[in-house]
1. Taking the conditions exactly as written (open to solvent by less than 20 Å² (accessible area, probe 1.4 Å), more than 7 Å from every other protein chain (Cβ to nearest Cβ) and either in contact (Cβ under 8 Å) with a residue 40 or more places away in the chain or not basic (K, R) (or both)), does A:P91 satisfy them or not?
2. Checking A:L82 against (1) surrounded by fewer than 20 Cβ atoms within 10 Å (Cβ to Cβ); (2) facing chain B (nearest Cβ under 8 Å); (3) of a type in the set (A, V, I, L, M, F, W, C): exactly one of these is not met. Which one?
3. Answer yes if at least one residue in the range A:401-417 is of a type in the set (S, T, Y) and under 18 Å from B:R752 (Cα atoms), and no otherwise.
4. Is it the case, given these coordinates, that B:A68 is surrounded by fewer than 16 Cβ atoms within 10 Å (Cβ to Cβ) and either at pLDDT 95 or above or within 12 Å of B:A210 (Cα to Cα) (or both)?
5. Taking only the range B:529-544 into account, find how many residues are touching a helix residue (DSSP H, G or I) at 6+ places or on another chain (Cβ under 7 Å) and either closer than 30 Å to B:F605 by Cα or outside any helix (DSSP H, G or I) (or both).
6. Considering only the range A:182-195, I want to know if a residue exists there that is touching an Asp or Glu at 6+ places or on another chain (Cβ under 6 Å) and closer than 30 Å to A:N278 by Cβ.
7. Inside the range B:683-701, can you point out the residues that are over 22 Å from the mean Cα position of the chain (by Cα), within 26 Å of B:S516 (Cβ to Cβ) and facing another protein chain (nearest Cβ under 7 Å)?
8. Mind telling me which of the residues A:T77, A:T86, A:T94 ends up being modelled with pLDDT under 95 and of a type in the set (S, T, Y)?
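The values are calculated or read from the model by the stated rules, or taken from the named source; none is laboratory data. Bear in mind that the values here come from a model prediction, so they are computed numbers and not experimental data. Virtual Cβ from ideal backbone geometry, glycine too; neighbours counted across all protein chains shown. These area figures cover heavy atoms from the full protein model, side chains too; ligands, DNA and RNA do not enter into them. Shrake-Rupley method; radii C 1.70, N 1.55, O 1.52, S 1.80 Å.
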Amino acid sequence: MDIAFLLNGETVSLTGVDPTTTVLDWLREGRGLTGTKEGCNEGDCGACTVMVTDDTGTRALNGCILFLPQINGKTLTTVEGLASPTGDMHPVQTAMVEHHGSQCGFCTPGFVVSLAAGQIAGETNHDRQLAGNLCRCTGYAPIIRAAENAARRPVPKWLRELPPGPATGPMPNDFQPSTVAALAELRMTYPQATIVAGATDVGLWVNKQHRDIAPVIFVSQIEELRRIEMAPYMIRVGAAASVEALRLAIAPLHPSFAAMLDRFASAQVRAAATVGGNIANGSPIGDTPPALIALGATLQLRRGDDMREMPLEDFFLEYGKQDLAEGEFVEAVVIPRDSGPNRFRVYKLSKRFDQDISAVLGAFNVGVENGRVTSARIAFGGMAGVPKRAEAVEAALMSKPWTMETVREAKWAFAADFKPMSDMRASATYRLETAANLLERYFLDLEGQLTSVREVRA
Amino acid sequence: MSVGKPLPHDSGPLHVTGAAYYIDDVPVPANCLHLAFGTSHVARGIITAMDLSDVRQSPGVVAVLTAADLPHVNDISTAAHDEPLLAEGEVRYHMQPIFLVVATSHRAARVAAARGKVEIEEKTPILTIDEALAAKSYFEGGPITWSRGDVAAAMPEAARVIEGEIEIGGQEHFYLEGQISLATPQDNGDMVLLTSTQHPTEIQHKVAEALALPFHAIRVETRRMGGGFGGKESQGNALAIACAIAAAATGRPCKMRYDRDDDMAITGKRHDFRIAYKAGVTPEGKLVAVEFDQFVRCGWSADLSLPVADRAMLHADNAYFVPHIRITSHRLKTNTASATAFRGFGGPQGIMGIERVMDHIGHTLGRDPLEIRQINFYNKRRVQETPYGQPVRGFILPDMVKALAKTADYAGRKAAIAEWNAGNDVVKKGIALTPVKFGISFTLTHLNQAGALVNVYADGSVTINHGGTEMGQGLFQKVAQVAATGFGIGMDRVRITATDTGKVPNTSATAASSGSDLNGMAVANAVDEIRRRMARLVGPMADVRPKAVEFARGKVIAGDKVWRFAEVARMCHENRVSLSSTGFYATPEISWDRTIGKGHPFYYFAHGAAITEVAVDRLTGENRILRVDILHDVGKSLNPAIDVGQIEGGYVQGAGWLTTEELVWDHKGVLRTHAPSTYKIPACSDRPEVFNVALWDGENHVPSIYRSKAVGEPPLMLGISAFLALSDAIGAFGPTENGAYPDLDAPATPERVFHAAQRMLT
């Protein structure tokens, strides 16, 4: 493929690039820019963090799971590009030195780029911005001191108006369609092609499993596929909308959903990963499907010119198998707007609070009128081979008085709904018992009781 | 004078701009080759057939080597000669290297390595402590016991006897820079290696052995590591040796780095332990007699397991006088990756044992565990001996703990927590104070030596070199501060240079927290020698004795004469006075006989204490560290900023070990947590929200470099307070009187916390 982008202020044009060459490998091996490091090669440590700017703004991304065509027409800034043209260090860099924010220094370029990108994007929550940057030396305290210091200084003028890409724009490519219709046609021509949106999952197939995924169809450049429409009765989320875009859009309606998405991987991954990808790959531990199912979301699929819709839960047939025909792709997910006002909650359990894959994720949407349960949509991740509704639990609640007694009775129904497995994240016992306990947490939470260690202070 | 100043890390500006070179960043010749291991898919078995034709035909492959192709010794071990570079006949753990691929790129080598077809006749692996005990699979032929007094006679005299057992998981180092080596062949057959290692000399020796060359034919250089934590003390041997062999075979430079998943699966980790204990106490909770059985899962080879297990035994007392004690250590051989050095080197596990005992006694007697700790402390005035016979001198912990409890308002918060817990059903809080007393010196006495090379150039600029390696701990900066202070010059006049076996030979690993103590002294001795020579030249010019010549503020002052340091350097050169000197240091006063477990293995002890407050949710086991207060003893600090950095980082790493960091092996011996997606080191938001760290105002009671103390390892053990605070919070779910002890195992993942809380509730 042919691509063009701005690299630290300079236009770079590459022809005939292998579509699965990562930005990290190209920077280090092709360009000799070795400030960006490989720590894990799977998007979990942040040592490879780079800054990408386009017409939607500036964000930090993991260079190890970012394919070169994904930055076609965009602006790439690496740690080497943060200093001023005359060599003055970026305020984040100065603060990191002054506050002893580096020890071994290997994670440091990633932290610096994350913080610089966060500063441009106006992110003031350093924990959220840095959840995807691991440091093994400092215990983070001095890095946060540096971040707080740097946050008091303005974005340096040389980064204030980064152009969104090279003047020439992106280079045209057959496998980077610009409309949904063109994608639909391309998908019919190449039904075996791998669709790459954010590459946060596919990147691992390439890096870790050495899979040959050609041909590759890139979709994130399709503006209409990224769109989130806030209509009066529904929210339509395009399949290529990033998880971060969903987080921002959903926050006013369902703060609990947004709070869970705060813990969805990391800033770098959320900015690349898409809602459609999180659904289409059919993972039983994807974090958006259970929440969307509990909200009564509908999935829109497209094959050529044909479109069909289904309740999201029906899409997941069994582990690794989705209701997706050859040539078909996920186009959007539609969330009813009136679903669960004030009563929707989603809880995520994992070994580590931030940037961890769920052991259990439970989403609850129980409607109550005159003290009795009138509707119940409860869905879980991590409890079966697919994201799954807790139908027996829902039935055990329906028409009952909404009391702790009902909740305790309904906990027995979890064993009828789920036979979870044991793995490195949690045992089957823990999953089943805590899933049931999350119903109790939901009840107490709605009652306004303290149920989360995150709300406790010393 | 720069000693004592909170200067930033010397490489800080290079780190933050991405300019600092790590080995993978060093430009290499275009003909450089890249290596990858083909590994075992089973934990134990006999290799019956190997078909590597697909590997050889894979694009970019230049050569494929098996054990039979190695030119000389097939060994990467530190001493025991029990670790082949490539398996021969038998495989002894999952992911053990079997063959070596040499290819034109890192990816080509990895892709090819996955194509090997190795047939292995599987045998039942020995994976767990129980399986190893059942099979009597021991190193050293059986358990090792050290004791003092008469436990059997004393135990019946105790008013109460407390018994229990704790499982303590291992820990992956997760240095951000993975293992890496680059070997470049020289014109005469010599080999130069760049290696990310804490032990360049061992790499030199092992490469020499592998190529059957004398040590002088191998030069190893290490400028900086992207983290070590003990994981680069011996675990880099395999890559360095592989690179050297491949480079010798092909005549081309060869580089090898592990992909993260391979790194985590192939290399060793912190030893996981089970500690069974029995403690007899007086009615007040004073220790009468204690028995420990330490079960140590060592993995498939000896590596550093024996000294690690020794150090665990040497720290079984931590800060407490135990009149009668028996410590038995079971060093178990299993078909898992060979456990290795990790910050603390067995000390953390040993201390966990006795701190658990303190907690258990407090819980059982209904007393604050802090009181139990305080009444059992070694006496600070009347010198008492450790179980291994070393007098405990300079014991400042009673004063430190008192001061910390006061400044952090331990008593007030303990009461507030009790009140809070009475009013909250789902979330409970807990608090714990734990001390650490950590022995400083290598227990293998001859390792306690260091060399240095200091050069002053004719313009007055200085380079320093020593055997210590920089892994982020700030060693180079501390030692540069020592040199600058010695010469009375600014830090900008001192250039730090890469550790190099060609400059300073026969060095010890940068380990055992000894880096600044040993290398700082060696450099100071070299500086003193050059100063003496300078003083002998300029003293007579001012009619003063050489000893009266002063070096300060960039000047050399002799009586009423003053020169710039650079002028004196030039004068020395013109007067044919050598401006280069080596320096040497050997730690005094230490001796140790590990066969009987007696002696004076440590030059001194470093101390610290931490208070951690946590919250625990009984519905899910979710938990969180709320506040940490630390008071730590670094003697008279060489660099307080660097020392505080070690303390903060050490605490978080220690807390991570005991909370979220869980290593999971399946029943086939496959490590399931081999990537950061599944193995969870603390992330940014896991750091304590309130995190107060203070340095104890004091100085080392024995002569050390500017009376400072070692700081690398001791703070890691402060993290034990987080674990015991969780135990305290879990206990709050039980009845207030005569409740069962929480019996929490480590790591205290949400799952373990959940189950422990459930046990309290039922």
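1. On the way: open to solvent by less than 20 Å² (accessible area, probe 1.4 Å): yes; more than 7 Å from every other protein chain (Cβ to nearest Cβ): yes; either in contact (Cβ under 8 Å) with a residue 40 or more places away in the chain or not basic (K, R) (or both): yes.
It is true that A:P91 is open to solvent by less than 20 Å² (accessible area, probe 1.4 Å), more than 7 Å from every other protein chain (Cβ to nearest Cβ) and either in contact (Cβ under 8 Å) with a residue 40 or more places away in the chain or not basic (K, R) (or both).
2. (1)
3. Taking the range A:401-417 as the starting set, the residues that turn out to be of a type in the set (S, T, Y) are A:403, A:406.
Next cut, under 18 Å from B:R752 (Cα atoms) only: none.
No: the range A:401-417 contains no residue that is of a type in the set (S, T, Y) and under 18 Å from B:R752 (Cα atoms).
4. Values: surrounded by fewer than 16 Cβ atoms within 10 Å (Cβ to Cβ): yes; either at pLDDT 95 or above or within 12 Å of B:A210 (Cα to Cα) (or both): yes.
Answer is yes for this residue.
5. Adding up the residues that qualify gives 1.
6. First pass over the range A:182-195, keeping only residues touching an Asp or Glu at 6+ places or on another chain (Cβ under 6 Å): A:191.
Within this subset, residues satisfying the condition of being closer than 30 Å to A:N278 by Cβ are A:191.
Scanning the range A:182-195 turns up at least one residue that is touching an Asp or Glu at 6+ places or on another chain (Cβ under 6 Å) and closer than 30 Å to A:N278 by Cβ.
7. Of everything in the range B:683-701, just one residue is over 22 Å from the mean Cα position of the chain (by Cα), within 26 Å of B:S516 (Cβ to Cβ) and facing another protein chain (nearest Cβ under 7 Å), namely B:F691.
8. Details: A:T77 fails: modelled with pLDDT under 95; A:T94 fails: modelled with pLDDT under 95.
Answer to the check: A:T86.
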